[in-house]
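The structure appears right after this line, and notes come after that.
The values are calculated or read from the model by the stated rules, or taken from the named source; none is laboratory data. These figures come from a predicted structure and were not determined experimentally. Neighbour counts run over all protein chains shown; Cβ positions are idealised from the backbone, glycine included.
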Amino acid sequence: GPAAGPSSGAGAGRGGTITLGFSQVGAESGWRTANTKSVQEAAKKAGIDLKFSDAQQKQENQIKALRTFIQQKVDVIAFSPVVESGWDTVLKEAKDAGIPVILTDRAVDTKDTSLYKTFLGSDFVKEGRSAGEWLTGAYANEPGPVNIVELQGTTGSAPANDRKAGFAEAIRGDGKFKIVASQSGDFTRAKGKEVMQAFLKSQKDIDVLYAHNDDMALGAIQAIEESGKKPGTDIKVISVDGIKDAFVAMTEGKINVVVECNPLLGDQLMELAKKVVAGENVPPRVETEEGVFPQDKAAAALPSRKY
Ligand code: GZL
């Protein structure tokens with residue numbers, strides 16, 4: 001449809017300072033901390049007035065933050081939705097208030113795509129598929145069975161749903177791969193360790209851990225070591241994100257492959273914010289660049305890692 005006119009915000013119309021209201025999931029992981037830092041530094045660099053709120057991983061806190069931003073008549077809203085569903089009402093309130101919304105990092109499952117201007121982030125299904133493809137390659141000549149335990153991300157979140165789906169799709173073709181246990185570790189080290197301890201008790205034979213993020217993998221590695229097993233050898237470890245600690249763990253042989261998920265979205269977000277406030281058209285989806293790092297690539301890559 002037609003590009004929206006200048007936003008109703010105080011500064012935007014007269015070319016003044018843009019005010020961006022940003023609702024962040026929380027501070028649950030190294031990835032999230034890097035993402036927050038990227039958004040805050042990019043806002044400063046772009047001369048954008050950032051109103052930042054940390055929801056401590058609670059949807060009701062994000063909805064409250066979005067309502068506050070609407071009351072404050074910010075020029076543009078951006079947020080990373082902690083879960084996929086339950087956003088239509090508050091997003092309609094933002095639309096009725098003439099405030100454009102940008103989704104960053106995680107997506108929502110709304111049918112009404114007029115409720116946000118664009119999505120900036122990764123393809124989590126692709127990340128899950130890359131994890132599965134590494135596994136099928138690594139076990140190509142093994143007879144199996146290959147027993148896998150899976151530490152899922154936050155229940156109901158886009159990365160958890162999609163990384164699970166992508167991984168399952170990649171291993172579906174070969175019956176030797178069996179996911180023998182799958183449970184949420186909520187993207188945190190503590191919970192990842194706790195759930196892995198439970199897996200080690202309930203599963204007599206675990207060959208592989210697939211963790212939806214590095215923090216859970218690093219927590220699980222502690223549990224594996226405390227059980228007297230060698231992570232990366234006795235139990236292969238596949239992880240996602242690519243934080244520095246995961247690269248260090250790969251150089252120590254404790255993680256076998258990391259699928260990168262780029263948290264450094266700040267600069268792209270600020271560019272998109274300026275465009276939507278100016279009423280310019282933006283693409284419906286802006287995907288980040290990211291790769292896959294097997295263990296033998298970790299040492300060379302470590303010095304240039306930015307998060
Ligand atoms: C992925 C992001 C996820 C990370 C986790 O883009 O939403 O949330 O993989 C973080 O580390 O907690």
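Figure legend. Inter-residue proximity from the range 243-269: first residues touching a residue at least 60 places away in the same chain (Cβ under 8 Å) and away from the ligand (no atom under 15 Å from the Cβ), second residues outside any loop (DSSP other than H, G, I, E, B) and small (Gly, Ala, Ser), beta-carbon distance below 7 Å, spacing 6+ or different chains. Indicated pairs: 267/42. Looking across the range 34-54, the residues that are farther than 19 Å from residue 277 by Cα and not basic (Lys, Arg) come down to 34, 35, 36, 38, 41, 53, 54. Scanning the range 92-108 for residues that are in a strand (DSSP E or B) and either over 14 Å from residue 121 (Cα atoms) or at pLDDT below 95 (or both) returns a single hit, 101.
One residue stands out among those in the range 185-223 that are basic (Lys, Arg) and in contact with a Gly (Cβ under 8 Å, 6 or more places away or on another chain): the one that is nearest to residue 240 (Cα to Cα), which is 189.
For the range 241-254, indicate whether the set of residues that are under 13 Å from residue 120 (Cα atoms) and of a type in the set (Asp, Glu) is non-empty. No: zero hits.
Residue pairs whose Cβ atoms lie under 8 Å apart, separated by 6 or more positions or on different chains, with the first residue in the range 208-224 and farther than 15 Å from residue 183 by Cα and more than 10 Å from the ligand (Cβ to nearest atom) and the second assigned to a loop (DSSP other than H, G, I, E, B) and not charged (D, E, K, R), are 221/255.
Candidates in the range 97-123 are the residues that are without any contact (Cβ under 8 Å) to a residue 60 or more places away in the chain and crowded, with 16+ Cβ neighbours inside 10 Å; of these, the one that is nearest to the ligand (Cβ to nearest atom) is 107. The residue that is nearest to the chain's Cα centre (by Cα), among those in the range 217-240 that are among the β-branched types (Val, Ile, Thr) and farther than 21 Å from residue 39 by Cβ, is 238. Among the residues of the range 20-71, those that are of a type in the set (Gly, Ala, Ser), assigned to a helix (DSSP H, G or I) and away from the ligand (no atom under 16 Å from the Cβ) comprise 42, 43, 46, 65. Once the range 156-169 is narrowed to residues that are under 14 Å from residue 108 (Cα atoms) and more than 10 Å from the ligand (Cβ to nearest atom), the residue that is surrounded by the fewest Cβ atoms within 10 Å (Cβ to Cβ) is 156. When residue 73 is tested against (1) closer than 25 Å to residue 271 by Cα; (2) within 20 Å of the chain's Cα centre (by Cα); (3) not hydroxyl-bearing (Ser, Thr, Tyr), only condition (2) is not met.
Quick one: would you say residue 269 is surrounded by fewer than 22 Cβ atoms within 10 Å (Cβ to Cβ) and either modelled with pLDDT of 95 or more or not β-branched (Val, Ile, Thr) (or both)? The answer is no for residue 269. Of the residues screened, residue 185 is one that is in contact with a helix residue (DSSP H, G or I) (Cβ under 7 Å, 6 or more places away or on another chain) and under 18 Å from residue 26 (Cβ atoms). Do we find a residue being small (Gly, Ala, Ser), surrounded by 21 or more Cβ atoms within 10 Å (Cβ to Cβ) and farther than 25 Å from residue 262 by Cα anywhere in the range 21-35? Checking the range 21-35: not a single residue is small (Gly, Ala, Ser), surrounded by 21 or more Cβ atoms within 10 Å (Cβ to Cβ) and farther than 25 Å from residue 262 by Cα. If you go through the range 72-83 one residue at a time, do you hit one that is at pLDDT below 95 and within 19 Å of residue 118 (Cβ to Cβ)? Checked the range 72-83: no residue is at pLDDT below 95 and within 19 Å of residue 118 (Cβ to Cβ). Taking the criterion of being surrounded by fewer than 17 Cβ atoms within 10 Å (Cβ to Cβ) and in contact (Cβ under 8 Å) with a residue 60 or more places away in the chain, the only residue of the range 124-140 that qualifies is 138.
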